[in-house]
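Trainee: Handing you a structure now.
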Amino acid sequence: MKASVSPITRRVALSGVAVAATTGAVIASDVALMWHAITLDPARADGARSPHKAIIEDIDPAPKPVFFDEGLESVKKQMAEADPYTKVFFVDVVVSHAKGGKVAAYKVTAYHGEDSLEG
């Protein structure tokens with residue numbers, strides 16, 4: 001019997017993003033994140049919408065809400081103060097999906113650096 005692979009898993013696997021087999025979570029390591037919107041506002045309470053939106057082309061070309069793992073507030077501040085719309089940031093994220101497999105949001109779990117978008 002041939003195992004079934006969802007379209008999102010197939011697309012993610014082709015882009016080099018790892019799928020955690022034990023949890024079903026999609027974990028993307030060292031991907032390029034480009035900000036669409038970011039603020040220095042305090043962290044939102046659970047259940048609130050994130051004011052931060054970013055594009056990770058390797059996963060989905062549309063801007064998605066971005067949340068930060070606990071303890072990464074200083075990374076968010078560093079990104080927001082670094083002229084974020086002219087840079088690309090390299091991060092690890094957990095990708096959340098809505099029903100039907102559509103990408104819903106990203107949770108930044110690690111930061112690896114940045115580079116200028118201007119070539």
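Trainee: Scan region 71-119 for residues that are part of a helix (DSSP H, G or I), more than 18 Å from residue 27 (Cα to Cα) and either in contact (Cβ under 8 Å) with a residue 60 or more places away in the chain or hydrophobic (A, V, I, L, M, F, W, C) (or both) and jot them down.
Mentor: Those that are part of a helix (DSSP H, G or I), more than 18 Å from residue 27 (Cα to Cα) and either in contact (Cβ under 8 Å) with a residue 60 or more places away in the chain or hydrophobic (A, V, I, L, M, F, W, C) (or both): 75, 79, 80.
Trainee: Is region 54-67 home to any residue that is acidic (Asp, Glu), over 16 Å from residue 40 (Cβ atoms) and either in contact with a helix residue (DSSP H, G or I) (Cβ under 6 Å, 6 or more places away or on another chain) or not in a strand (DSSP E or B) (or both)? Outline the logic, then answer.
Mentor: Going residue by residue through region 54-67, those that are acidic (Asp, Glu) are 57-58, 60.
Okay, now just the ones that are also over 16 Å from residue 40 (Cβ atoms), so 57-58, 60.
Right, trim to either in contact with a helix residue (DSSP H, G or I) (Cβ under 6 Å, 6 or more places away or on another chain) or not in a strand (DSSP E or B) (or both) and you get 57-58.
Checking region 54-67: at least one residue is acidic (Asp, Glu), over 16 Å from residue 40 (Cβ atoms) and either in contact with a helix residue (DSSP H, G or I) (Cβ under 6 Å, 6 or more places away or on another chain) or not in a strand (DSSP E or B) (or both).
Trainee: Okay, moving on. Is it the case, given these coordinates, that residue 98 is buried (at least 16 other Cβ atoms within 10 Å of the Cβ) and among the hydrophobic types (A, V, I, L, M, F, W, C)? Show your work before the answer.
Mentor: Working: buried (at least 16 other Cβ atoms within 10 Å of the Cβ): no; among the hydrophobic types (A, V, I, L, M, F, W, C): yes.
Considered against the rule, which asks whether it is buried (at least 16 other Cβ atoms within 10 Å of the Cβ) and among the hydrophobic types (A, V, I, L, M, F, W, C), residue 98 comes out as no.
Trainee: Then there is this: Can you tell me which condition residue 39 does not meet? The list is (1) assigned to a helix (DSSP H, G or I); (2) modelled with pLDDT under 90, and all the others hold.
Mentor: Here residue 39 meets the rest and fails (1).
Trainee: So, one more: Is it fair to say residue 50 is among the hydroxyl-bearing types (Ser, Thr, Tyr) and at pLDDT 90 or above? Before the answer, list the steps.
Mentor: Values: among the hydroxyl-bearing types (Ser, Thr, Tyr): yes; at pLDDT 90 or above: no.
For residue 50, the condition - among the hydroxyl-bearing types (Ser, Thr, Tyr) and at pLDDT 90 or above - is not met.
The values are calculated or read from the model by the stated rules, or taken from the named source; none is laboratory data. None of these values were measured; they are calculated from a predicted model. In this analysis, Cβ positions are derived from the backbone assuming ideal geometry, glycine residues included, and neighbour counts consider all displayed protein chains.
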